[in-house]
Amino acid sequence: MPIVFVANTGEDTVSVICPKDMREIHKYHLNSGISPVGPRRIAEEGGTLYIAASFANALLKMSTSGNGGAEAVSIGKYPTGVCLHGKYAYVSCGESDSVWRVRKDNLAPAGCFPGGAFPNSIEICGKRGLLTADVVSAEVILLHPEKGEALLHIKTGGPAYFAACHPVDGTIFCSRQCGFDNEQGCVSVYTGNGRHLTTLRAGVMPGPIRFFEGGKKAAVSDTGGKGVFILNCENMEIEAHTEFDGMIDDIIVIHEEGMILAANMEEGVVEAVDFSGKKAGRAAVGREPRGLALKQAQLLI
């Protein structure tokens, strides 16, 4: 049975929800000796959570078999994203314009790399490296995971919020504003070497992009538009747009259940829609849910 972890930024907790019947089944109260924590993004591996704590300027490590006790290591200012690759956790730190590499086993910092100007997200890009989406410099950067050097810069033309590699063809998708003085959202697609392919106007301040159906489709968080839209990646058309009553931050796809979950940070709930965009329930969690993580064993393309 899939399990989803929810980072509740506004109350320093992590909820556990069962997506099958959309209910909260447990809640961890984070205890790391730091307050406030501000958990924003979350990643899970082997029963351990790695939490980017925006208010604490730290990365937290917590066992899901415990009661919320967590280890913490200080990193850059305002952590905005976290991903796991090999022996390390990588954390984008927006206000210090950096990406931190931290050992997963003992939380020892193992490198601090330039991450552009306000990296808002960090994701694994297959075997190529790490992708950051940078708000202030309006670019996507591909970083070498060991050396930390920039392998590719893609200028996006507007504040970039999220970047992800297509799981099949390696193209790079970026959600962004269409311009610096325009709240209209865009999703742009680039080749693996950064050449622009197409741009679709979509939503308001779009956020995380999650692929499903073997990369044929993607779910995109429409943060400013308070919704989620389903994107056909083959013809770059929006197939569905589902609106809610609050701003949506992170989203995840549960492939075996045919569901997309969305963190409604204004209403304190996690929303569910099916792959056609039809609403499929909601689960009450904590204040300001922002980050979602699916149990690692369930992450399938």
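Note the listed values (1) 34, 23, 17; (2) 26, 24, 17; (3) 50, 25, 17, then indicate which one is semi-axes √(5λ) of the Cα gyration tensor in Å calculated from this particular structure. Looking at semi-axes √(5λ) of the Cα gyration tensor in Å for this model, the match is (2).
Checking the Cα-Cα distances for Lys27/Lys217; Lys155/Lys216; Lys27/Lys104; Lys217/Lys295 against a 30 Å cut-off, the pairs over it are Lys27/Lys217. Going by Cα centres, segment 191-209 and segment 1-58 are how many Å apart? Segment 191-209 and segment 1-58 have Cα centres spaced 29 Å from each other. Based on every Cα atom in segment 4-85, Rg and the maximum pairwise Cα distance Dmax equal 11.9, 38 Å. Under the shape rule built on the C-alpha gyration tensor, where the axes satisfy a ≥ b ≥ c, segment 174-221 is oblate, since a/c reaches at least 1.5 while a/b does not exceed b/c. Residues Cys178, Cys18, arranged from fewest to most other Cβ atoms within 10 angstrom of their Cβ, appear as Cys18, Cys178.
Within the same chain, lysines fewer than 8 places from Lys147 are excluded, and of the rest, those with a Cα less than 17 Å from its Cα are Lys87, Lys127. Once you order the gyration tensor axes a ≥ b ≥ c over the Cα atoms, which shape class does segment 193-242 get: rounded for a/c under 1.5, otherwise prolate or oblate by comparing a/b with b/c? Verdict is oblate for segment 193-242.
Net charge dipole, the chain: roughly 620 debye, given to the nearest 20, about the Cα centre with Cβ charges of +1 for Lys and Arg and -1 for Asp and Glu. The distance separating the Cα centre of segment 229-281 from that of segment 173-188 comes to 19 Å. Does segment 1-145 come out rounded, prolate or oblate by the C-alpha gyration tensor, with a ≥ b ≥ c the root eigenvalues, rounded set by a/c under 1.5 and, if not, prolate when a/b is larger than b/c and oblate if not? Since a/c reaches 1.5 and a/b is larger than b/c, the shape of segment 1-145 is classed as prolate. Taking the Kirkwood radius as Rh and the Cα radius of gyration as Rg, segment 147-233 has a ratio of Rg/Rh equal to 0.96.
With R₀ fixed at 25 Å, the C-beta to C-beta distance from Asn182 to Lys127 puts the FRET efficiency at about 0.10. Annotation for Lys77 and Val204: the two label points, set 7 Å from Cα along the Cα-Cβ direction, are 3.0 nm apart. Sequentially through segment 79-95, phi angles give Karplus couplings (6.51, -1.76, 1.60; θ = phi - 60°) of x, 10, x, 8, 9, 10, 8, x, 7, 10, 9, 10, 10, 7, 10, x, 6 Hz, Gly and Pro residues having no value and appearing as x.
Quick note: the coordinates plus some simple rules give every number you see, no bench work behind them. Because the structure is predicted, anything quoted here is derived from the model rather than measured. Reconstructed Cβ throughout: ideal geometry from the backbone, glycine too, with neighbour counts over all protein chains shown.
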